[in-house]
Structures are given as C-alpha cells and as structure tokens.
1. Residue under question is K93, and the condition is that it be at pLDDT below 75 and more than 19 Å from V9 (Cβ to Cβ); does it hold?
2. Can you find a residue in the stretch 57-68 that is in contact with a Gly (Cβ under 7 Å, 6 or more places away or on another chain), modelled with pLDDT of 80 or more and not small (G, A, S)?
3. For the stretch 27-42, enumerate the residues that are open to solvent by 60 Å² or more (accessible area, probe 1.4 Å) and without any contact (Cβ under 8 Å) to a residue 40 or more places away in the chain.
4. I'd like to check something: does the stretch 54-67 contain any residue that is open to solvent by less than 30 Å² (accessible area, probe 1.4 Å), within 11 Å of the chain's Cα centre (by Cα), under 26 Å from W106 (Cβ atoms) and in contact (Cβ under 8 Å) with a residue 24 or more places away in the chain?
5. Can Y47 be described as touching a helix residue (DSSP H, G or I) at 6+ places or on another chain (Cβ under 6 Å) and in a helix (DSSP H, G or I)?
6. Restricting the search to the stretch 1-44, which residues are of a type in the set (V, I, T) and part of a helix (DSSP H, G or I)?
Amino acid sequence: METRRERMVFLAMEWSLILGWLVTILLIWRQTTLYLLIFLFDLGDAYDIVFTVLIFVLMMMAGLAITATGFWLKRRQKTISILQRGPLWVVSKIGNPQLSPLVRRWGLGWAWIGITALLGYLIIVLPGGVFAP
C-alpha cells in the first residue's frame with residue numbers, strides 16, 4: 001500500500017508530463033501546423049476546413065498522449081519497499097542507491113516531450129518562420 005507522500009510524488013510526475021504534452025502538442029505543433037499550411041501549401045478556399053481538421057487531429061493526439069502517459073507511468077516495477085529510501089530511490093543488490101523505475105520513466109517521458117517540442121520548433125525556426133529570432 002502506498003503512502004500519501006508516494007501518491008503525491010506520482011501525481012506530480014504524472015501531471016508534469018501531462019502539462020508538457022499539452023504545451024508541446026497544442027501550442028508548438030499548432031503553430032507548426034499553421035506555418036506549414038500557410039507557407040508550404042497553397043490551399044486557397046480549403047484553408048479554413050483543413051486547419052480546423054488538423055487542430056481537431058492535434059487535440060485527439062494530445063488526448064492519446066495524456067492517456068498513454070498515465071498508463072505508462074503506472075507500469076512502474078515494484079522492486080523493494082519505497083519506504084526504505086523514499087519514493088525516488090531504490091537500493092541495488094550492491095547497496096548503492098539508484099533512481100527508481102518511476103523516476104527513470106518520468107525522465108524518459110520528459111526526453112520524448114523535449115524531442116517532440118524541438119522538432120516542431122525547428123520546423124518553424126530553420127526556414128525563418130514565426131518563432132524565428
């Protein structure tokens with residue numbers, strides 16, 4: 001059974017990933033989609049409907065990312081009692097403290113968010129788009 005502190009740490013990690021995905025997909029990739037539609041494709045009168053459909057698809061992707069994040073973090077391994085070293089650390093067979101599987105998954109989640117955000121940002125910045133300095 002987990003303690004309140006363990007549950008709060010888990011919820012903080014989960015919500016930080018959820019907010020990261022929302023910012024990445026709904027802000028950065030929305031701007032990337034707008035940039036690609038305006039500057040690379042000549043859609044004419046179909047622009048409004050295509051942009052609306054793409055925003056809808058991005059919102060569905062954000063929902064899937066949020067759902068996947070929760071299930072992915074819950075898959076954490078139960079190695080030894082977290083109460084021995086706190087929720088962030090476990091003790092290896094040699095006795096050295098190591099990051100728990102939950103913290104490793106959380107860090108990997110932030111790495112994926114960073115890569116996704118960087119890719120969306122670079123699509124706009126490299127050709128000199130809206131975010132370019």
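The values are calculated or read from the model by the stated rules, or taken from the named source; none is laboratory data. On a predicted model such as this, the values are computed, not experimentally measured, just so you know. Virtual Cβ from ideal backbone geometry, glycine too; neighbours counted across all protein chains shown. Side chains are part of the model used for accessible areas, which takes the heavy atoms of the whole protein and leaves out ligands, DNA and RNA. Shrake-Rupley method; radii C 1.70, N 1.55, O 1.52, S 1.80 Å.
1. So K93 passes the test.
2. So far as the stretch 57-68 goes, no, none of its residues is in contact with a Gly (Cβ under 7 Å, 6 or more places away or on another chain), modelled with pLDDT of 80 or more and not small (G, A, S).
3. Passing the criteria: L27, R30, I38, L40, F41, D42.
4. Yes, the stretch 54-67 has at least one match.
5. Spelling it out, it is not the case that Y47 is touching a helix residue (DSSP H, G or I) at 6+ places or on another chain (Cβ under 6 Å) and in a helix (DSSP H, G or I).
6. Selection gives V9, I18, V23, T24, I25, I28, T32, T33, I38.
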